[in-house]
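Taking it in order: structure first as structure tokens, then the write-up.
The values are calculated or read from the model by the stated rules, or taken from the named source; none is laboratory data. What you see is a predicted model, and the numbers here were worked out from it, not measured in a lab. Don't worry about glycine lacking a Cβ; one is built from the backbone with ideal geometry, like all the others, and counts go over all protein chains shown.
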Amino acid sequence: MRYNAHMTRVVHVGLGPLGCRIAGDLVGREGLELVAAVDVDPKLAGRSLSDVLPGVPRGARDVTVGASIEELPDELDAAVVTTVSDLAACAPTLRALLERGLAVVSTCEELCWPWLRHAELARELDALARERGGRLLGTGVNPGFLMDALPVFASSVCRRVDSVEVWRVQDAASRRLPFQRKIGATLDLARFEERRKSGTLRHVGLAESLAFVATSLGLGFDDWEETLEPVIAERDLACDLGPIPRGAAAGVRQVAEARAGGRVVCRLTFQAAIDQADPHDRVKIDGEPPLDLRFSGGVHGDVATCAIVLNAIPALLEAPAGLHTMASIPMAHFGRR
């Protein structure tokens, strides 16, 4: 399949807060045409997309939200899937779209490096994509770019890489409410610990980013681990979820490390909290030459996620059939097409 520089017909699956934001950007994106949308929420099915997407003029797109992929038209080129983080839960949707031979870009975090937790499922999806002429990519700002693809791309100017360290430090006050809830803002420490143990607080995809970097750069890690702890409010705060008393959780700090021969070869630190001081993104490569890249203020996650998902569609259409990562497709970038 070659990318049609004039118009690519896209279906959007999943109209939660992030999905609506991406779909809204898609409506005005040159070269891409949103021709169908699907969501399982019965409150959305059957409604006009212009009624669902904030800021989209009524009647701007004659698209009715469908309840299932089976209702989609035949004339489609690509799909955007913004449903769940767990690959096993997302797999039925991905299979149905790959059966149609579509190029599928998904924000499913575990899909960014699926071989870490779902190796067998990854092989199955790759085989299906190749058989049907489809393409599949998991991406986003993180995982997908800042803590994985970016350090790998930056290594292009290195003759040797010994280790990599990446930091993503965010002030979550400007992020959407589901993100604030995901990082545990407002929770007392006992409740934070309960949710940590249940696995509902972790930033999904950090370990996938770790495996992406260590594997792509040939660092040969023997083992890896993740740790997670609260960022504690040093004074009374407030966010969209409500008040945050001093001593409660303002957010989360999560660290993933890969080791080879007892030495840390890759360390990723994700920290997001309400009123976080000095937000920034940073990539440090120990090698020849050494590199230290820093984005002061940090990259806005919601804006960047929408952008990279849409910018990846033309690149994925140029890639061969199969399951891909950001390192195996032509470089995704902004461009007027």
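Tabulated data for the structure shown
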{"item": "Set E234, E257, E225: member being farther than 30 Å from E288 by Cα, among the acidic types (D, E) and at pLDDT 95 or above", "result": "E234"}
{"item": "Top-ranked residue of the stretch 292-332 - restricted to ones that are in contact (Cβ under 8 Å) with a residue 12 or more places away in the chain and charged (D, E, K, R), ranked as farthest from L116 (Cα to Cα)", "result": "R294"}
{"item": "Candidate set from the stretch 260-278 (those that are out of contact with any helix residue (DSSP H, G or I) (no Cβ under 9 Å at 6 or more places or on another chain) and under 21 Å from A238 (Cα atoms)); member that is surrounded by the most Cβ atoms within 10 Å (Cβ to Cβ)", "result": "Q271"}
{"item": "Test set (1) at negative phi; (2) buried (at least 18 other Cβ atoms within 10 Å of the Cβ); (3) in a loop (DSSP other than H, G, I, E, B) - A327 fails condition number", "result": "(2)"}
{"item": "Every residue from the stretch 1-14 that is modelled with pLDDT of 95 or more and part of a loop (DSSP other than H, G, I, E, B)", "result": "G14"}
{"item": "Inter-residue pairs, beta-carbon under 6 Å, first within 14 Å of A78 (Cβ to Cβ) and in the stretch 28-41, second surrounded by fewer than 16 Cβ atoms within 10 Å (Cβ to Cβ) and basic (K, R), 6+ apart", "result": "G31/R337"}
{"item": "Some residue of the stretch 34-41 being touching a Leu at 6+ places or on another chain (Cβ under 7 Å), surrounded by fewer than 20 Cβ atoms within 10 Å (Cβ to Cβ) and more than 21 Å from L317 (Cβ to Cβ)", "result": "no"}
{"item": "Tally, over the stretch 227-252, of residues that are closer than 19 Å to E193 by Cβ, in contact with an Asp or Glu (Cβ under 8 Å, 6 or more places away or on another chain) and part of a strand (DSSP E or B)", "result": "4"}
{"item": "Among (1) out of contact with any Leu (no Cβ under 6 Å at 6 or more places or on another chain); (2) crowded, with 21+ Cβ neighbours inside 10 Å, the one test that K284 misses", "result": "(2)"}
{"item": "Any hit, the stretch 123-138, residues being more than 20 Å from A321 (Cβ to Cβ), small (G, A, S) and modelled with pLDDT of 95 or more", "result": "no"}
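Yes/no matrix, rows are residues, columns are (1) touching a residue at least 40 places away in the same chain (Cβ under 8 Å); (2) in contact with a strand residue (DSSP E or B) (Cβ under 7 Å, 6 or more places away or on another chain):
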residue: K197; (1), (2): no, no
residue: V231; (1), (2): yes, yes
residue: C239; (1), (2): yes, no
residue: L268; (1), (2): yes, yes
residue: I274; (1), (2): yes, yes
